[in-house]
Every structure is written in structure tokens, then in C-alpha cells.
Amino acid sequence: MQETEFVPADAVRDAAEIARRAMVLFGSVGLALGAPREDILDWLEDEGLWAELSPSELAYVSAEQPTKKQTIGASWKSEGLIVLLWALEKVDRLPVPNEQCDTSVFQKHLPPFVDMSASEYISTAKRRPDQVLTDMADELLNFHWQARDARSQGRPMPPELDIEIIQERHRAFNWVIGYDGLAWDEVTTDT
């Protein structure tokens with residue numbers, strides 16, 4: 001019997017793919033945080049990012065009157081965006097798992113606020129090494145497990161954890177590491 005080579009199902013996404021996702025996410029997060037809708041739509045179209053929108057992002061940015069639920073959901077994606085910026089080595093550290101990210105950081109690191117086009121941003125992107133990314137994904141998985149376990153057992157949430165923050169970051173890390181090869185909207189946060 002011939003042995004077959006083991007090929008892992010997961011593959012860490014490359015820097016260009018993470019950079020594209022970060023910019024698209026920046027558009028929907030920006031809209032949720034009050035950026036002018038037409039400016040966001042024009043920028044996504046002008047930079048060739050429209051086709052990169054996930055189905056839920058497309059529904060949100062295309063809606064003439066997004067629902068409150070859509071806007072809240074899009075604003076929570078800021079926690080995923082900070083993960084992408086960390087993965088791209090744009091920020092040095094992630095906020096602790098009970099601290100929401102500072103959304104003003106996004107304008108310091110992403111087009112159209114930095115002096116480069118989207119295509120230049122993508123082509124020059126670099127990311128942290130695979131092992132660093134998978135180690136951090138494991139850390140978020142552990143935090144998420146602790147938070148879910150506390151909730152399911154009726155115990156108080158450990159004060160150093162915020163389950164909503166952790167869930168969004170965990171989802172982003174799972175996407176970055178290619179968890180089951182799932183698309184952005186389909187990524188799960190199994191614990």
C-alpha cells in the first residue's frame with residue numbers, strides 16, 4: 001500500500017489577499033461608523049474593490065437604508081479589521097481581549113487616507129510569519145473557549161475577556177489562517 005502525502009486543508013492567506021480584505025472591510029466599517037455612503041461606494045468602485053465585497057457587505061453597502069442590525073454588525077467588524085492590520089504588520093499589538101480597538105487607527109494605515117492607491121497597498125503588503133499567525137489564532141481560540149465555557153456554565157465572564165470582541169477577532173484570525181478554506185461570511189468560530 002502506497003503512503004499518500006498529508007496536505008493540510010488550511011492554508012494561511014497571502015499578504016495581498018489580507019490587504020484586499022482589509023480595505024473592503026474598512027469600507028463597510030467606515031460606513032457603519034458614519035463615513036458618507038457615496039464616498040465609500042465611489043472609493044470601492046474606483047479602486048476595483050467592489051467585486052471583493054462579501055455577500056453580507058454587499059447587502060449592507062448597497063442598502064439605501066441599512067437596518068440597525070446591519071450597521072451594528074458592520075461596526076463590530078472593526079475588531080476583525082484590527083486583526084487584519086496586525087497580520088499585515090501595520091499595528092504592533094492587538095488590544096487586550098476585553099478592550100475594543102481604537103477605530104481612529106484605521107485611517108493611519110489604509111487607503112484612501114495613506115498616500116497610495118489600493119493596488120499599490122496590495123502589491124506592497126507583507127504579513128507576519130505563518131507560525132506567528134497560527135499561534136495568535138490558537139490564543140484567540142483559547143480565549144473564546146474560556147468565554148463560552150463561562151457563559152454556558154452560568155459563571156461570571158472572566159473580567160479580562162469580552163466575548164463579543166473575542167468572537168470577532170477569532171473569526172478574522174480563522175479567515176487569515178484559512179480555516180477550512182471558508183469565505184469571509186462563512187468562517188466559523190468553533191471552540
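Things to note:
- If R0 is 35 Å, the Cβ-Cβ spacing of ALA150 and ALA59 corresponds to a FRET efficiency of close to 0.60.
- Identified option (computed Rg/Rh (Cα atoms, Kirkwood Rh); candidates (i) 0.96; (ii) 0.99; (iii) 1.08): (ii)
- Qualifying GluC sites (Glu not before Pro) in region 44-143, where qualification requires a DSSP coil assignment and no more than 16 other C-beta atoms within 10 Å, comprise GLU64, GLU89, GLU99.
- Between VAL132 and TRP50, the C-beta separation translates, for a Förster distance of 25 Å, into a calculated FRET efficiency of about 0.20.
- If the chain linking THR188 and VAL96 were pulled fully straight, counting 0.36 nm for each residue of separation and taking away their Cα-Cα distance, it would gain 31.0 nm.
- Region 76-120: chymotrypsin sites (Phe, Trp or Tyr not before Pro) in DSSP coil with no more than 12 other Cβ atoms inside 10 Å: PHE113
- For region 1-145, averaging the sequence separation of C-alpha pairs within contact (under 8 Å, six or more residues apart) and dividing by the residue count gives a relative contact order of 31 percent.
- Centroid-to-centroid separation of region 174-191 and region 72-104 [C-alpha atoms, Å]: 17
- Partner aspartates and glutamates whose Cα lies under 16 Å from the Cα of LYS68, excluding those fewer than 8 positions away in the same chain, are identified as GLU57.
- Taking a ≥ b ≥ c as the square roots of the eigenvalues of the Cα gyration tensor, an a/c ratio of 1.5 or more together with a/b no larger than b/c marks region 45-118 as oblate.
We did not get these values from a lab; they are worked out from the coordinates using the rules stated. Everything quoted here is computed from the prediction, not taken from an experiment. Because the Cβ atoms are built from the backbone with ideal geometry, glycine has one as well, and the counts that use them run over all protein chains shown.
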